[in-house]
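Encoded as structure tokens, the structure appears first; notes follow it.
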């Protein structure tokens with residue numbers, strides 16, 4: 001029931017309500033018919049008593065009861081009619097949509113009862129005790145069953161219920177349209193107002209949503225403008241510093257400055273990625289790539305002179321992934337960069353058919369830093385431990401691809417693993433060549 005939509009819930013409620021109403025009316029209809037048949041049977045019994053007394057105004061009395069002596073023969077009624085009720089002396093039969101009361105002689109008394117009557121001095125064969133009624137004509141009902149009010153009430157309740165259902169359903173469908181419009185407005189780069197076609201609560205919701213989206217749109221524009229300006233202002237001194245570093249004659253000092261400014265450019269690029277990931281504006285350009293090619297590009301992005309600290313281990317096959325080459329390379333680069341930064345020993349990279357694992361020596365990462373869905377998730381920031389953006393960006397990129405990033409610490413080693421769903425695998429020879437290229 002929790003996952004049942006409002007439209008389905010209301011529809012189910014009205015269907016159940018209609019079923020209950022109609023079943024109740026059907027039961028009541030059958031009860032009404034039974035009651036009318038029983039009352040008719042009682043009128044027939046009274047008419048039979050009047051006929052037994054044979055008063056002079058017999059026909060008038062029968063008309064007052066709504067019955068008359070029928071001209072139809074009893075044999076025809078019995079043969080072609082449908083028996084409705086019966087007792088020991090008569091049958092009520094429906095024939096040609098008319099009810100008839102057909103009398104018959106009572107069954108002879110049982111032998112034991114006849115003996116008792118003889119002992120009491122009553123002869124069962126005496127003329128005054130048993131009256132032959134087999135020759136009496138059938139009685140015909142003159143009144144007709146009229147359930148028009150019943151049918152009108154039944155139809156009125158059904159129609160009113162259906163009208164209420166369609167009115168509510170129309171309102172709920174407008175709510176569904178409003179949801180679709182809100183979803184569409186969230187997917188478009190430029191906000192478009194939701195049309196307001198009513199002045200009820202749904203129209204007020206649409207109006208308030210438009211106001212809120214206008215505010216968010218203005219904030220988004222201000223953020224974009226601020227980020228664009230601040231990146232421009234930050235990149236300008238970096239470019240100037242790189243130019244000045246190029247004219248320094250001391251080669252060792254020149255290389256150090258170049259590395260500093262290149263690092264600044266990388267940080268600025270990561271700030272841009274953080275902003276795009278946070279605003280969900282990054283659209284993946286996915287194609288099929290070998291994991292070893294993505295890993296090779298990630299190592300190139302590290303800008304390290306000596307990659308011998310990276311030990312690449314590959315199994316017989318390497319997976320082929322549907323991924324954004326640059327983004328996924330950046331995510332793996334961030335994981336490798338963290339491992340190289342916080343470990344003095346070699347980094348082991350295991351390429352497996354279903355995942356890639358990066359293993360490095362080091363202490364266990366504190367619990368406060370294991371929430372990779374948050375940037376700047378540290379109580380104290382320092383130049384020694386950085387800003388904490390690497391793991392955040394890596395996790396966001398991996399999650400956007402539909403992959404999973406996991407971490408665990410075991411025997412003094414940190415393990416970062418990316419689990420994915422490969423499209424296919426390549427044979428060992430190509431993996432071996434790629435692994436050899438990576439290690440060199």
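Points worth noting:
- Residues that are within 19 Å of residue 343 (Cβ to Cβ) and either in a strand (DSSP E or B) or at pLDDT below 75 (or both) do not occur anywhere in segment 391-403.
- Of 230, 260, 248, 196, all but one fail to be more than 44 Å from the chain's Cα centre (by Cα), in a loop (DSSP other than H, G, I, E, B) and farther than 30 Å from residue 15 by Cβ; the exception is 248.
- Residue 329 being outside any helix (DSSP H, G or I), at pLDDT 85 or above and surrounded by 15 or more Cβ atoms within 10 Å (Cβ to Cβ): no
- Restricting the first member to segment 405-416 and to residues that are farther than 15 Å from residue 348 by Cα, and the second to residues that are modelled with pLDDT of 90 or more and surrounded by fewer than 15 Cβ atoms within 10 Å (Cβ to Cβ), the beta-carbon pairs closer than 9 Å and six or more apart or on different chains are 405/419; 406/419.
- Test: residue in segment 104-120 that is at pLDDT below 70, surrounded by 14 or more Cβ atoms within 10 Å (Cβ to Cβ) and not in a loop (DSSP other than H, G, I, E, B): yes
- Candidate set: segment 6-26, residues that are within 25 Å of residue 152 (Cα to Cα) and without any contact (Cβ under 8 Å) to a residue 40 or more places away in the chain; chosen: the one farthest from the chain's Cα centre (by Cα): 26
- Odd one out for residue 50 among (1) assigned to a strand (DSSP E or B); (2) surrounded by 15 or more Cβ atoms within 10 Å (Cβ to Cβ): (1)
- Criterion: assigned to a helix (DSSP H, G or I) and under 40 Å from the mean Cα position of the chain (by Cα) - qualifying residue of 242, 179, 254: 179
- In segment 7-33, the residues that are exposed (fewer than 11 other Cβ atoms within 10 Å of the Cβ) and over 22 Å from residue 146 (Cβ atoms): 16, 19, 20, 23
- Residues of segment 412-427 that turn out to be farther than 17 Å from residue 296 by Cβ and at pLDDT below 85, as a count: 6
- Here residue 81 meets the list (1) surrounded by fewer than 18 Cβ atoms within 10 Å (Cβ to Cβ); (2) in contact with a strand residue (DSSP E or B) (Cβ under 6 Å, 6 or more places away or on another chain) almost entirely, failing just condition (1).
The values are calculated or read from the model by the stated rules, or taken from the named source; none is laboratory data. Owing to the predicted nature of the structure, the values given are computational and were not obtained by experimental measurement. All Cβ positions, even for glycine, are placed from backbone atoms using ideal geometry, and neighbour counts span all protein chains on display.
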